[in-house]
1. What relative contact order, as a whole-number percentage, does the chain give when Cα pairs under 8 Å and 6 or more residues apart are counted?
2. Report the convex hull volume per residue for the range 1-58, counting only C-alpha atoms, in Å³.
3. Of the labelled options [x] 1.55; [y] 1.06; [z] 2.01, which one gives Cα Rg over 2.2 N^0.38 Å as computed for this structure?
4. Can you give the local net charge around D50? Use residues other than it whose beta-carbon is closer than 9 angstrom to its beta-carbon, Lys and Arg +1, Asp and Glu -1.
5. Could you give the size of the charge dipole of the chain about its Cα centre, using +1 on the Cβ of each K and R and -1 on the Cβ of each D and E, expressed in debye and rounded to the nearest 20?
6. Specify the angular offset, from 0 to 90 degrees and rounded to the nearest 10, of the alpha carbon long axis of helix 70-82 from the longest principal axis of the alpha carbons in the chain.
7. Please give, to one decimal in nm, the separation of the simple spin-label points placed at E89 and S2, each 7 Å out from Cα toward the Cβ.
8. Cβ under 12 Å from W92's Cβ, W92 left aside: what net charge do those residues give with Lys, Arg +1 and Asp, Glu -1?
Amino acid sequence: MSKTLYAEFTVKPGSEARVAEMMLELTEHVSQEPGNVLFLPYTREENPRDYFVFEVYRDEAAFQDHIRADYGSRFNAELARHIEGEGSELTWLLPVE
């Protein structure tokens, strides 16, 4: 079964350009992972500091490979300094059957 999640976070004022650059770099890496099906980052039209990322991985093993990737660890460590709150809010999703 695929592993699907929705992540959201809000960027601190002044960090918008850096986080946008980071997201583009991360998207390039993640989209090359063999088990990645989708990795789609968005910002809210009326507040571009609000980010939403829709992620789908082939299965749990593919998601674990994603979590272990060194570029993801570097991304998350730097992102923590640029966002409000404790970190990204993750919502795990299941398909409607």
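1. About 44 percent, as a whole number.
2. Cα convex hull per residue, to the nearest whole number: 65 Å³.
3. Step by step, Cα Rg over 2.2 N^0.38 Å for this structure corresponds to label [y].
4. Working: positive: R44, R49; negative: E8, E46.
Neighbour charge sum, excluding D50 itself: 0.
5. Charge dipole of the chain: 180 debye, to the nearest 20.
6. Approximately 30 degrees, to the nearest ten.
7. In this crude label model, E89 to S2 measures out at 2.4 nm.
8. Every neighbour counted, the sum reads -2.
Values quoted throughout were computed directly from the atomic coordinates according to the rules given, and no laboratory measurement underlies them. Note that the coordinates shown come from a computational prediction; the quantities given were computed from them, not determined experimentally. Reconstructed Cβ throughout: ideal geometry from the backbone, glycine too, with neighbour counts over all protein chains shown.
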